[in-house]
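Working notes, structure below.
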Amino acid sequence: PGCSSTAPIFVIGMPRTGTTLVERIIGSHSTVTSAGELPNFSQIMTQMVRVQNEGQAISQGEMIAASLDLDMVQLGESYVESTRGLAGETPNFIDKLPFNYLNVGLIQLALPNAKIVHVTRDPMDTCYAVFKTLFQRAYPFSYDLEDLGQYFVAYQRLMDHWHKLLPNRIHSISYEALVQDSETLSRHLIEYCGL
């Protein structure tokens with residue numbers, strides 16, 4: 001069992017897919033605060049793995065394997081505690097770091113009551129929007145079309161894996177569908193978040 005908190009709502013996906021729109025829809029609810037794009041979950045997990053390994057340098061592959069040996073209650077509680085100053089006084093908060101899609105498995109273990117919203121968009125539209133945006137070194141894969149295409153395929157494969165591994169735990173919402181029928185999909189989104 002992980003941390004019992006129901007406060008976090010993670011909005012994940014590729015950049016430029018409509019995560020900000022989804023964040024604003026959920027964040028308009030009176031019991032939700034948007035805390036922005038928080039690197040906290042990955043930072044706390046990395047820090048805990050380093051402590052566990054007595055500060056020894058380890059590779060990314062070793063980091064992933066070592067993360068499974070962490071105290072999941074402590075990881076979840078440390079994450080929630082790290083958001084206190086950013087999340088306000090509302091019962092729920094949104095963490096809109098798109099790349100938390102890499103952490104879905106650990107999020108599920110550490111925060112089993114957290115909500116995870118995955119925003120999707122047409123692959124060509126997504127890749128074009130990412131490629132034409134200057135992110136100031138944030139996403140090194142975004143400046144080369146071949147790198148971007150390979151990254152997108154890897155992202156899609158990982159999300160397919162999470163959906164298969166965790167059925168009915170991740171709420172996927174299509175940007176195109178949301179724009180076409182915002183009222184219906186917004187209601188489904190709010191219902192999924194338990195608001």
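The values are calculated or read from the model by the stated rules, or taken from the named source; none is laboratory data. Predicted model only: the values in this text are computed from it and were never measured. Here the Cβ is made from the backbone with ideal geometry for all residues, glycine too, and neighbour counts use every protein chain on show.
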Out of all the residues in the stretch 103-111, is one or more without any contact (Cβ under 8 Å) to a residue 12 or more places away in the chain, surrounded by fewer than 19 Cβ atoms within 10 Å (Cβ to Cβ), small (Gly, Ala, Ser) and under 26 Å from GLN60 (Cα atoms)? no
Considering only the stretch 80-127, state which residues are under 17 Å from the mean Cα position of the chain (by Cα), at pLDDT 95 or above, farther than 21 Å from LEU166 by Cα and part of a helix (DSSP H, G or I). VAL80, SER82
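Here is a yes/no grid of residues against (1) in contact with a strand residue (DSSP E or B) (Cβ under 6 Å, 6 or more places away or on another chain); (2) β-branched (Val, Ile, Thr); (3) farther than 12 Å from PHE41 by Cβ:
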{"site": "ILE64", "(1), (2), (3)": "no, yes, yes"}
{"site": "GLY76", "(1), (2), (3)": "no, no, no"}
{"site": "VAL80", "(1), (2), (3)": "no, yes, no"}
{"site": "GLU89", "(1), (2), (3)": "no, no, yes"}
{"site": "PHE99", "(1), (2), (3)": "no, no, no"}
{"site": "VAL104", "(1), (2), (3)": "no, yes, no"}
Working only within the stretch 162-181, note down all residues that are part of a helix (DSSP H, G or I), more than 14 Å from the chain's Cα centre (by Cα) and closer than 15 Å to THR120 by Cα. TYR175, GLU176, ALA177, LEU178, VAL179, GLN180
Taking the criterion of being of a type in the set (Val, Ile, Thr) and within 11 Å of the chain's Cα centre (by Cα), would at least one residue in the stretch 13-27 satisfy it? yes
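If you check ILE64 against the conditions, is it crowded, with 22+ Cβ neighbours inside 10 Å and either in a helix (DSSP H, G or I) or not polar (S, T, N, Q) (or both)?
no
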Report the residue count in the stretch 37-59 for those that are within 11 Å of the chain's Cα centre (by Cα) and in a loop (DSSP other than H, G, I, E, B). 3
